[in-house]
Structures are given as C-alpha cells and as structure tokens.
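Visitor: Here it is: the structure, laid out below.
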Amino acid sequence: MKVLVLGNGGREHALAWRLAQGERVSQVFVAPGNGGTARDSKLKNVPLTDVKALADFAQEHKIALTVVGPEAFLAAGVVDEFRARGLRIFGPTKAAAQLESSKAFAKEFMKRHNIPTAAYETFSDAAQAHAYVDAQGAPIVIKADGLAAGKGVVVAMTLAEAHEAIDWILADNKLGVVHNEGGARVVIEQFLEGEEASFIVLCDGRNVLPLATSQDHKRLQDGDQGPNTGGMGAYSPAPVVTPNVHAKVMHEIVMPTIQGMARDGIPFTGFLYAGLMIDAQGQPRTIEFNTRMGDPETQPIMMRLKSDLFEVLMHATDGTLDQAELQWDRRAALGVVMAASGYPLSPRKGDVITGLPEDSEEAMVFHAGTTQQGEQLVTSGGRVLCVTALGESVRHAQQHAYQALTSIQFDGKQFRQDIGYRAIKR
C-alpha cells in the first residue's frame, strides 16, 4: 500500500521512516520532503504543497493513507479537502485544528470545559496589552494568536521583554505570525512554575491512545538560556511524567478535551499534543495544544516505537483505535537539533553539510532544513538536522547522540551541549 506524508521537517522524515517499515507498505511519498527524505531509497519526494494538488496526487496514485505533519496544512483545511473526496487522511479538520491555530480559541475552550491552564487575557489593542502587562508585572507569557512555526511564544522574564514581545506581535510581526481573521491578537498569560513535558496522543474522535512521553528543550542555549525556538532537542521517556501524573493528564486534560470537542460539534481526530507544565506537587496544567506531532519530540518517539505505525493509523482512521496497542523499546531515545547560523530570527541558508554518519538501528540523523543540490547537501532552514540515538538510559542516549554528531560539519552550526540534563539531574 502507498502512504503520503505531508511536510518537509524532521518530524516528517521520522514519521515517513517509521511508516516505511510497515509490513503492508510498498511506498512512502513525502510532500515536499527534504534532503534527507530524498536520500532514503524507501522514500520518494513529491514537489507539491497546494492542498488541491495534493488531493489530486493522492487520488491519482491510489494513496491508502495520508499523514499530516505540520500545522500549516491543517489550518489550510487539507483534511477537509481529502475527506470531501473520500480519501483516508489522519489529522484534524480545519475547525478542530483551531486548538493550535488560535491560542484564543484554545484558551476559551479550556475555560469552558474546566481544563487546567494558566489565567489569561486576549488583546488586539497594543496600548491595552502594554497596560495589562504593567499591572500584572513579570515574569509573564506573551503568545501570538496565530501560527508562527513554534516561535510565537515569548516567556518574558522582565517587563521590557514583555513590552517588546507585544510590539513584535501586534505592530512589527517580527515573529512571522500568520494572523487569524480579525487581524493581530495577543494572548497574555500568567507565568507557570514547574517542569515542561510533551504529552501526545492519537485520537479517532472518540478513542485515545497515548504515545510515549517526551520532553523538549525550547531555548536556544545551554541551561535554557537565549530566545525560544521551535525546539533544540528532546528525549523520551520524560521522567517528570510519573504514572500518577500520566493518569491525571489523561483524566483532567486529554479526555475532557476529546469529549469537549465532540460536545462542541467538532470531533477531534489526529495527533493531539498537550504541552504541559507540571508543578512541584505533580499537578499538570496545559500551556498549549498542538494538533500534530511535536518536532523534535517525534524523532525520539519514533526511534522507540516498535509497533507497525501504518496499522495503528489505519485503526485511527477507521475509528477503531480501542483495538490498537503500541509497543515501545524499553530504552531511552534522545535527539539533538543542529541549527543554522542566525537561527531562530534569521537563519542562513546554503551552507554545505558534510560528515554525516551512517544511519543505524541505534542512531539516526533526521533531516529538517536540508536540500540536495547536485552532489551537495546544503542547509535550507533554521533547524537543519536532529541527531537521534537510543541508550539504556537518558544519559547513555545522550552520550550516543553527541558522539554521532561529532563528524557533522557546516558553517555556523549551533547546537546545545546539554539536551536531557533535567532527566539526568533527576
């Protein structure tokens, strides 16, 4: 059977790589793909991004299953288009994807359904937003109400940073936000103390199947310093998600979300990602929802998945997820992102990449911002590669991943030296 994966990042490379191992899978297409998916003999890039053109391709090539990677395709209504043509696709509708594409929608939804989250206010007027921040004080969190490729959140530790973020989002749009209808809006939230974790589940509209837990590192520099990014590395499992925390998240956040969406007439299908803040007492609260897999969390999660992902997603698109189960490698996995010079605000493109190690069952280099130019592989985006490895513990996986990236060279490369430090500290 043929499978189509939509997207061009590290998440899509990892999903396509795992799907290609399915027993019944004969070919995996990736649209538009990247330099890494172009090099893999089991994958084939398709230079398409237009929703209607993708649906035409799926019909023409008799694609058995399409899996959506990034949020932009969801917000563009790709699931609605495919379903209207009777094509099997895993992801939420445009209406359900508002849980991610509109921070204001998500916060109002959580408030309405009593899902634990931070206190907040929404503003479209910059003067009112500035006045609110002055009254609340710092630290405080400023979020763009729109898609910003993981960079639309500023955790402002000072008032000056908060005011700058408001201007960035409402006036200058320095973060490149795709604003929702009604223009630029900003959601200003209470700052939550605790440890972050990523809790991702598969949903078929009614049933839920949790994936392995994970934790990513958002800040650019070691010790969680520097600007927020789309994610500089991740590991799985996340020790902060104890069995007790796991049960609370399912009972207080995930199930009320799936049931609430169904009650609101917007059943949720696809990957639901709850970004959590877990306090010292083990109480989880929702920082945000994403309506797709996380990047870079997907890379370590896919390294640990032993089940046939194709068969599981066929159950998910049949509404029979309660009949599926997932098996995991008992080992930990850890991925380190190598980013381009100038990332996150102005990444440089066109630097030649050399020294890629051979992929193995123990270590994989998943490509994100790469493209093949003749014989050369060059950088073409902010996050370039995610070097991901397995190990008996997070520490061993960390050692293995950093060892694997030592040979990789490109001008201006940036990567953190401490991915996984929280789990190791525990």
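The values are calculated or read from the model by the stated rules, or taken from the named source; none is laboratory data. All values reported here derive from a predicted model rather than from experimental measurement. Positions of Cβ are backbone-derived with ideal geometry, glycine not excepted, and every protein chain shown enters the neighbour counts. Just the protein is used for accessible areas: all its heavy atoms, side chains included, with ligands, DNA and RNA removed. Shrake-Rupley method; radii C 1.70, N 1.55, O 1.52, S 1.80 Å.
Visitor: ³J(HN,Hα) across the stretch 239-248 via Karplus (A = 6.51, B = -1.76, C = 1.60, θ = phi - 60°), whole Hz, x for Gly/Pro?
Guide: Those phi angles translate into x, 5, 8, 6, x, 5, 5, 4, 4, 4 Hz.
Visitor: For the stretch 15-35 and the stretch 202-217, what is the separation of their C-alpha centers, rounded to whole Å?
Guide: 21 Å
Visitor: Most mobile of Ala135, Ala333, Ala234 per a Gaussian network model of the chain (Cα springs, under 10 Å)?
Guide: Most flexible of the set in this elastic network: Ala135.
Visitor: How many angstrom lie between the C-alpha centres of the stretch 401-418 and the stretch 249-325?
Guide: The distance from the Cα centre of the stretch 401-418 to that of the stretch 249-325 comes to 31 Å.
Visitor: Any idea what log10 I(q)/I(0) is at q = 0.16, 0.17 Å⁻¹ for the stretch 98-247, Debye with uniform C-alpha scatterers and no solvent?
Guide: -0.99, -1.11
Visitor: Report, for the chain, the % of DSSP beta bridges that are antiparallel, rounded to 5.
Guide: Of those bridges, close to 80 percent are antiparallel.
Visitor: Moving to a separate point now. Per residue of the stretch 348-365, what does 6.51 cos²θ - 1.76 cosθ + 1.60 with θ = phi - 60° give for ³J(HN,Hα)? Whole Hz please, x for Gly and Pro, Karplus curve as stated.
Guide: Listing the rounded values in order: 8, 10, x, 7, 6, 9, 9, x, 5, x, 5, 6, 9, 5, 9, 8, 10, 9 Hz.
Visitor: Exactly which trypsin sites (Lys or Arg not before Pro) in the stretch 328-401 are in a DSSP loop and have at most 13 other Cβ atoms within 10 Å?
Guide: The qualifying sites are Arg330.
Visitor: Quick check for me: using +1 on Lys/Arg Cβ and -1 on Asp/Glu Cβ, what's the dipole size of the stretch 184-264 about its Cα centre, in debye to the nearest 20?
Guide: 280 debye
Visitor: Leaving out ligands and nucleic acids, note down the accessible area per residue over the stretch 1-106 with a 1.4 angstrom probe, in whole Å². Mind dumping the intermediate values first?
Guide: Details: 3890 Å² over 106 residues.
That works out to 37 Å² for each residue.
Visitor: Cβ under 11 Å from Cys386's Cβ, Cys386 left aside: what net charge do those residues give with Lys, Arg +1 and Asp, Glu -1? Intermediate results must be reported in sequence, preceding the final value.
Guide: Numbers: positive: Arg11, Arg383; negative: Asp216, Asp295, Glu297.
Summing Lys and Arg as +1 and Asp and Glu as -1 gives -1.
Visitor: Sticking with this one: What is the sum of charges around Glu195, taking Lys and Arg as +1, Asp and Glu as -1, for the other residues whose C-beta is under 13 Å from the C-beta of Glu195?
Guide: That works out to 0.
Visitor: Here is a further query. Comparing Gly412, Gly275, Gly35, which has the greatest mean-square fluctuation in the GNM of the chain with Cα pairs linked when under 10 Å apart?
Guide: Of Gly412, Gly275, Gly35, the most mobile in the Gaussian network model is Gly412.
Visitor: Which one of Thr66, Gly77, Ile115 is farthest out on the positive end of the charge dipole of the stretch 63-127, using unit charges on Cβ (Lys, Arg +1; Asp, Glu -1) and the Cα centre as origin?
Guide: Farthest along the dipole direction, towards plus: Thr66.
Visitor: Mind putting a number on the dipole of the stretch 294-426 about its Cα centre? Charges go on the C-beta only, +1 for Lys and Arg and -1 for Asp and Glu, and I need it in Debye to the nearest 20.
Guide: 800 debye
Visitor: Which of rounded, prolate or oblate describes the stretch 1-119 when judged by the alpha-carbon gyration tensor and an a/c cut-off of 1.5?
Guide: On the way: a/c = 2.33, a/b = 1.82, b/c = 1.28.
It comes out prolate by the Cα gyration axes.
Visitor: Now a separate question. Structure shown: which of Lys62/Lys111; Lys44/Lys349; Lys52/Lys103; Lys143/Lys248; Lys44/Lys103 lie over 31 Å apart, alpha-carbon to alpha-carbon?
Guide: Lys62/Lys111; Lys44/Lys103
Visitor: Just order 49-58, 337-346, 88-97, 293-302 by mean Cβ neighbour count inside 10 Å, highest at the front, would you?
Guide: With the highest mean Cβ count within 10 Å placed first, the list reads 293-302, 88-97, 337-346, 49-58.
Visitor: Shape call for the stretch 1-59 from the C-alpha gyration tensor, a ≥ b ≥ c root eigenvalues: rounded (a/c under 1.5), prolate (a/b greater than b/c) or oblate?
Guide: In terms of gyration-tensor shape, oblate.
Visitor: Net charge within 11 Å of Ala339 by Cβ-Cβ distance, Lys/Arg positive one each and Asp/Glu negative one each, not counting Ala339 itself?
Guide: Once positives and negatives cancel, what remains is +4.
Visitor: Could I ask something else about it? I need to check one value: relative contact order of the chain, counting alpha carbon pairs closer than 8 Å and at least 6 residues apart, in percent.
Guide: This gives 16 percent for the chain.
Visitor: Treating only the Cβ atoms of Lys and Arg (+1) and Asp and Glu (-1) as charged, compute the dipole magnitude of the stretch 350-426 about its Cα centre; round to the nearest 20 debye.
Guide: That gives the stretch 350-426 a dipole magnitude of about 580 debye.
Visitor: Please compute the Cα-Cα pair-distance distribution of the chain with 10 Å bins starting at 0, giving whole percents from short to long.
Guide: All Cα pairs, binned at 10 Å, distribute as 5, 23, 34, 28, 10, 1 percent.
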